[in-house]
Amino acid sequence: NESIGSLVAKVDGRNVPLTVGYHKVTVDIRDQIARTVIEESFVNSTGARLEGVFYFPLPQDASISGFGMWIGNELVEADVVEKQRAREIYEEILRERRDPGLLEWSGGNLFKARVFPIEGHSEKRIKITYTQVLPQRNGRYRYSYALQSEMLKQHPLRELSIDVKINSVSPLAHVGSPTHPVRLDATKHSAHVEFAAQDYTPTRDFEVVVEPDAKQSDVVLIPHRRG
């Protein structure tokens, strides 16, 4: 149920969620179609080589379009396959002592991938990509990224970065984040929203609100109001 994803590994026979190292989110929004790319690392603080399962809940309206993990310094892209076939392929890969890269749909909006190896005293890096259409309501549309997490209350993110680029055929009247103090640059048809933090425990989800301007007016930057 961790909104930012979790990697649960077997440690001394117990299922233990590994802590998150860095979490990097890159978003490209083009006329209400958002493509989100997440790169994150999970820390194996033990000296053992571990096997684990990565879980990621997609937003309800999103479609997965890519998944991969780093094996050493190489990014290995995965295939999305049906559950039974995923299990068969995974076991075959393990027999051949190769690194699996399979993403399995578990029903609803939950995806999972078996991850091996997770080397001792290292970080396992994972990448996942999804797309979604942002519905327009009352003349504006909203991009949301879930950040709240029980795990992060105990183990803050070492590094978080969220980078949102917006391109619009229609002029943009307003662009802003009502949830976080962001860096914001904009032109008439584009905007760039950035948020970064270290040793960070999220207390709310991240949002960007975009209001296209049918009247062709200039862009107005909306600063975040603290408190």
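The values are calculated or read from the model by the stated rules, or taken from the named source; none is laboratory data. Remember, predicted model here, so these are calculated numbers, not experimental data. Positions of Cβ are backbone-derived with ideal geometry, glycine not excepted, and every protein chain shown enters the neighbour counts. Only protein heavy atoms, including side chains, enter the accessible area calculation; ligands, DNA and RNA are left aside. Shrake-Rupley method; radii C 1.70, N 1.55, O 1.52, S 1.80 Å.
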Requested in this report: Just name the residue that is nearest to Ile118 (Cα to Cα) out of those in the stretch 1-26 that are in contact with a His (Cβ under 9 Å, 6 or more places away or on another chain) and hydrophobic (A, V, I, L, M, F, W, C).
Outcome: Val20
Query raised in the report: Pick from Val169, Val193, Val175: which is over 27 Å from Glu2 (Cα atoms), touching a strand residue (DSSP E or B) at 6+ places or on another chain (Cβ under 7 Å) and not basic (Lys, Arg)?
Result: Val175
Requested in this report: Residues being open to solvent by less than 30 Å² (accessible area, probe 1.4 Å) and more than 23 Å from Gln148 (Cα to Cα): count how many of those fall in the stretch 185-210.
Outcome: 1
Query - Pairs where the first residue, in the stretch 9-22, is within 21 Å of Lys153 (Cβ to Cβ) and the second is outside any strand (DSSP E or B) and not hydrophobic (A, V, I, L, M, F, W, C), C-beta under 6 Å, 6+ apart - result: Thr19/His155
Query - Filter result (open to solvent by 60 Å² or more (accessible area, probe 1.4 Å), at pLDDT 95 or above and not in a strand (DSSP E or B)) within the stretch 136-180 - result: Pro178
Report task. Would you point out which residue out of Glu40, Glu51 is out of contact with any Ser or Thr (no Cβ under 9 Å at 6 or more places or on another chain) and open to solvent by 40 Å² or more (accessible area, probe 1.4 Å)? Result -> Glu51
Requested in this report: Just need a number here: residues in the stretch 167-205 that are among the hydrophobic types (A, V, I, L, M, F, W, C) and more than 21 Å from Pro156 (Cβ to Cβ).
Outcome: 8
Report summary line: Checking Pro117, Pro100 in turn, the sole residue that is modelled with pLDDT of 80 or more, of a type outside the set (A, V, I, L, M), over 21 Å from Leu147 (Cα atoms) and buried (at least 16 other Cβ atoms within 10 Å of the Cβ) turns out to be Pro117
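For the stretch 119-138, name all the residues that are of a type in the set (Val, Ile, Thr) and closer than 30 Å to Ala48 by Cβ.
Scanning the stretch 119-138 gives Ile126, Ile128.
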